[in-house]
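Chemist: Can you read through this structure? Questions will come right after.
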Amino acid sequence: MSKMPKDSIAWFEIPVSNLEMAKAFYSKVTGYALKDEIMGGNKTAIFGYSGHEDMYASDAVSGHLYEGKPAAKGTGSTVHLAVDNVDDALKRVGPAGGEVVSEIIAIPTGRFAYCFDPDGNSIGLYSA
């Protein structure tokens, strides 16, 4: 039997139609800068995480944006992104070009809401 991994997610990728516009959206909504990186010859924008000097730390979970074909609006997977305050982040979604599609939902570990980014990708914004 295989050893259970620490996290069930290794990384995530969000396809976007325009990388620079998507970086601006996600930076504005989350309040965090994304880092440009070339991976496999493709330009990406990596979501940051604290506690690691090495962006390739094997015990960190993160993801990136890349130029690709997004799924039809609301049909793909939903990635939940950590933010400092979900109320404040939701106020930034519309002005940044996205759409809030749910009320805030309370769960035992915090609160989150569903949104669409400008390309129609389903995202959740979560704060503990």
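Chemist: Would you mind telling me the antiparallel percentage of the DSSP bridges in region 3-128, rounded to 5?
Modeler: Close to 65 percent.
Chemist: Using the crude model of +1 on Lys and Arg Cβ and -1 on Asp and Glu Cβ, and no other charge, please compute the dipole size for the chain relative to its Cα centre, in debye to 20.
Modeler: The calculation lands at about 200 debye.
Chemist: Take every Cα pair under 8 Å in the chain that's 6+ residues apart, average their separations, divide by the length, and report that relative contact order as a whole percent.
Modeler: The value is 26 percent.
Chemist: Okay, moving on. Give me the accessible area per residue for the chain, probe 1.4 Å, as a whole number in Å².
Modeler: 61
Chemist: By accessible area of protein heavy atoms, probe 1.4 Å, what ranking do 21, 39 get, highest first?
Modeler: Result, largest first: 21, 39.
Chemist: Can you spot the aspartates and glutamates whose alpha carbon is less than 17 Å from residue 28's alpha carbon? Ignore those fewer than 8 places along the same chain.
Modeler: Answer for residue 28, where 17 Å is the Cα cut-off: 20, 36, 84, 87, 88, 99, 117, 119, listed by chain and number.
Chemist: Something else: With each run of n ≥ 4 DSSP H residues scored as -39500 (n - 2.57), what mean residue ellipticity at 222 nm is computed for the chain after dividing by its residue count and rounding to the nearest 500 deg cm²/dmol?
Modeler: -4500 deg cm²/dmol
Chemist: To make sure I understand the rule: partners must be lysines, Cα under 17 Å from the Cα of residue 23, and not fewer than 8 residues away in the same chain. Which ones qualify?
Modeler: Counting by Cα, and skipping residues close in sequence, residue 23 has these lysines nearby: 35, 43, 69.
Chemist: Moving to a separate point now. Under a crude label model (7 Å from the Cα following the beta-carbon direction), how far is residue 50 from residue 27 in nanometres?
Modeler: Distance between the two pseudo-spin positions: 2.0 nm.
Chemist: At a 1.4 Å probe radius, carbon and sulfur cover how many percent of the accessible area of the chain?
Modeler: 54
Chemist: State which stretch of the chain is the longest one without any exposed GluC sites (Glu not before Pro), exposure meaning a DSSP loop state and at most 13 other Cβ atoms within 10 Å.
Modeler: The longest such stretch corresponds to 1-52.
Chemist: Continuing with the same structure: Compare 30, 78, 109 in a GNM of the chain, Cα atoms joined below 10 Å, and give the one with the largest fluctuation.
Modeler: 109
The values are calculated or read from the model by the stated rules, or taken from the named source; none is laboratory data. Just so it is clear, the model here is predicted, and its values are computed rather than measured. Counting neighbours? That spans all protein chains shown, and the Cβs are built from the backbone with ideal geometry, glycine included. What goes into the accessible areas is simple: the full protein's heavy atoms, side chains included, and nothing from ligands, DNA or RNA. Shrake-Rupley method; radii C 1.70, N 1.55, O 1.52, S 1.80 Å.
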